[in-house]
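Only the coordinates and a few stated rules stand behind these numbers; no lab work does. Quick caveat, the model's predicted, so the values are computed rather than measured. Note: ideal-geometry Cβ built from the backbone for every residue, glycine included; neighbour counts use all protein chains shown.
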Amino acid sequence: MASVHAEQVSSPVGIIAGGGVMPFAVADSLAARGIAPVLLALRGVCDPARLGRFRHHWISVGEIGRATKLLRSEGCRDLVFIGTLGRPALSDIRLDWTTLRVLPQVWASFRGGDDHLLSGVGRIFEREGFRMVGIKDVAPDLLAPEGCLTRAVPDADASADIALAREVLTALSPFDIGQAVVVIDRHVVGVEDIEGTDGLLARIASLRQQGRIRAREGRGVLVKAPKRGQDLRFDLPTIGPRTVEGVAKAKLAGIAVVAGNALLAEPQAMIERAAAAGLFVAGVSA
């Protein structure tokens, strides 16, 4: 699907809101441009303490019929998925009549990686008459710019590690298994899997403590990039203050993401923590 220009997004915009701060950052970005956000907060996942500022409704995972009725009642045509969401077990999904009607498509969406799942669910909403849009369409100010966001910059060794990490992520893309890799001195020491980026970094920190990684502290990079061929409306790589904390504990040199194809959560706090830890945060050219 071709990207929608930001000025073509219709108001209000429906936000299916998972966990973390990004749903609220997107809502704030929309509101600042005069576009009304309506959040459909996923029960047990979305943070209730942050919802009060926005028009919202609670839904459970699997309530496609309820979601579509709420979106239509609110006058939403455009819809965006944002926020963290662990892959639910089928037994945890609340099935309403609309979901039961499209159950074969839901089941097919689960038989693959995260991008396959999100794209499949997105197609179901599109068949219900909604237009799925991405962060580039609704909140482009939240995307990582090109260049260094910190005073610290990648040296030649870190740049070589970044280049290798990007090659690895490109090679892994067909398997839809993760968006992050850690490379130290041109050695791949960790690839993101179901544990997520925080778990990957915790694993690297543990390997250092065990002496399994013997490279000098302050070397190596975390690189995050979307998968090749990924539907960029869904599940863009995200970094934020917690990512910086994990990189610091893993004793790496810094973080690189693909400019324009990665989200920045709480960027000011992230940059401040990176500066305090002496880490670089860089957006590299697509």
If each residue's Cβ is checked for other Cβ atoms within 10 Å, how do ARG214, ARG208 rank with the fewest at the top?
ARG214, ARG208
How far is helix 22-32 tilted off the main Cα axis of the chain, in degrees rounded to 10, range 0 to 90?
70
Helix-only mean residue ellipticity at 222 nm, the chain, DSSP H runs n ≥ 4 weighted -39,500 (n - 2.57), per residue, nearest 500. What is it?
-11000 deg cm²/dmol
I'd like the trypsin sites (Lys or Arg not before Pro) in the stretch 17-67 restricted to DSSP loop residues with at most 15 other Cβ atoms within 10 Å, sorted by number.
ARG33, ARG43
Within the chain, how many Lys pairs sit with Cα atoms under 30 Å apart, leaving out pairs fewer than 8 places apart on the same chain?
7
Helix 156-172 vs. the chain, principal-axis angle (Cα, 0 to 90°, nearest 10)
40
Measure off 7 Å from each Cα along the Cα-to-Cβ vector at ARG77 and ALA171, then give the distance between these two points in nanometres to one decimal.
4.6
Of all DSSP beta bridges in the stretch 143-284, antiparallel share, percent nearest 5
50
Counting C-alpha atoms alone, how compact is the stretch 143-284: give Rg to one decimal and Dmax as a whole number, in angstrom.
13.6, 40
Between ASP193 and ALA163, what is the spin-label point distance in nm, taking each point 7 Å from the Cα along the Cα→C-beta axis?
3.0
State, to one decimal in nm, how far the label point of ARG216 lies from the label point of ARG33, with both points 7 Å from Cα in the Cβ direction.
4.5
Expressed to two decimals, the chain has a Cα Rg over Rh, using the Kirkwood radius, of 0.98
Measuring from centroid to centroid over Cα atoms, what is the spacing of the stretch 193-219 and the stretch 245-286 in Å?
16
